[in-house]
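Undergrad: First the structure, then my questions, so here it is.
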Amino acid sequence: MEVDKPEVLREVNAACDRYEEALMSNDLDTLDALFLDAPQTLRYGVGENLYGIDEIRAFRLARPGGSPSRRVLKRVVSSFGDDFATSNLEFQREGSDKIGRQSQTWLRTDEGWRIVAAHVSLMGSSH
């Protein structure tokens with residue numbers, strides 16, 4: 001198994017860029033498309049645990065205005081073979097001194113790269 005194959009890293013970084021753009025513009029169709037349409041897909045958020053694509057969709061639809069604006073501070077993408085990758089990033093919400101963290105597990109499917117697991121959390125104040 002080859003780790004961090006350059007062409008796989010390019011593909012996953014492009015998918016991550018697409019996710020970030022959709023998140024900041026509250027493009028629900030793109031966000032929905034980037035998560036695997038399966039009951040095994042999960043997303044642990046800052047204040048919610050979502051099991052299955054239906055719960056993830058319902059959460060996004062119910063969130064007025066979408067995700068709070070944020071600035072990505074650092075992103076690390078790693079790939080393992082041709083079909084599996086992780087993305088981990090640090091971000092800072094606009095107007096806040098809190099640092100957040102996001103991790104995503106990506107799987108190559110026939111439809112393209114899809115998130116199968118995600119986690120978002122906030123750290124305490126940075127000083």
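The values are calculated or read from the model by the stated rules, or taken from the named source; none is laboratory data. All figures in this text were calculated on a predicted structure; none of them were measured in a lab. Cβ atoms come from the backbone with ideal geometry, glycine included; neighbour counts cover every protein chain shown.
Undergrad: Working carefully through the options 121, 87, find the one that is in contact with a Lys or Arg (Cβ under 8 Å, 6 or more places away or on another chain), of a type in the set (Ser, Thr, Tyr) and within 16 Å of residue 20 (Cβ to Cβ). Give the derivation first.
TA: Values: 121 fails: within 16 Å of residue 20 (Cβ to Cβ).
One residue alone meets the criteria, 87.
Undergrad: Still on this structure, I have one more. Applying the selection to region 13-54, what residues are without any contact (Cβ under 8 Å) to a residue 40 or more places away in the chain, farther than 19 Å from residue 67 by Cα and small (Gly, Ala, Ser)?
TA: If the condition is that a residue be without any contact (Cβ under 8 Å) to a residue 40 or more places away in the chain, farther than 19 Å from residue 67 by Cα and small (Gly, Ala, Ser), then 14, 52 are the ones that fit.
Undergrad: Identify the residue in region 55-81 that is touching a residue at least 40 places away in the same chain (Cβ under 8 Å) and assigned to a strand (DSSP E or B) and, among all such residues, is surrounded by the most Cβ atoms within 10 Å (Cβ to Cβ). Break it down into steps so the answer makes sense when it comes.
TA: In the first step, residues of region 55-81 are kept if they are touching a residue at least 40 places away in the same chain (Cβ under 8 Å); the result is 66-67, 69-70, 72, 75, 77-81.
With assigned to a strand (DSSP E or B) added as a condition, the list becomes 70, 72, 75, 77-80.
Details: 70: 17, 72: 15, 75: 15, 77: 20, 78: 14, 79: 25, 80: 14.
Result: 79.
Undergrad: Take region 93-127 and flag every residue that is outside any strand (DSSP E or B) and closer than 26 Å to residue 29 by Cα.
TA: From region 93-127, those outside any strand (DSSP E or B) are 94-97, 110-111, 126-127; that's our starting set.
Selection gives 94, 110, 111.
Undergrad: Here's another thing I want to ask about it. What pairs can you find where one residue is in region 1-12 and among the aliphatic types (A, V, I, L, M), the other is in a loop (DSSP other than H, G, I, E, B), and their Cβ atoms are less than 7 Å apart, with a gap of 6+ or different chains?
TA: From residues that are among the aliphatic types (A, V, I, L, M), the pairs are 1/81; 8/82.
Undergrad: Let me ask another. Within region 43-54, is there a residue that is assigned to a helix (DSSP H, G or I) and at pLDDT 95 or above? Lay out the reasoning, then the answer.
TA: Taking region 43-54 as the starting set, the residues that turn out to be assigned to a helix (DSSP H, G or I) are 53-54.
Remaining after also requiring at pLDDT 95 or above: 53-54.
Within region 43-54, one or more residues are assigned to a helix (DSSP H, G or I) and at pLDDT 95 or above.
Undergrad: Okay, next question. Only one of these is surrounded by 15 or more Cβ atoms within 10 Å (Cβ to Cβ) and without any contact (Cβ under 8 Å) to a residue 60 or more places away in the chain: 103, 96. Name it.
TA: Details: 96 fails: surrounded by 15 or more Cβ atoms within 10 Å (Cβ to Cβ).
The match here is 103.
Undergrad: Is there a residue being closer than 18 Å to residue 120 by Cβ, touching a helix residue (DSSP H, G or I) at 6+ places or on another chain (Cβ under 9 Å) and part of a loop (DSSP other than H, G, I, E, B) anywhere in region 1-16?
TA: no
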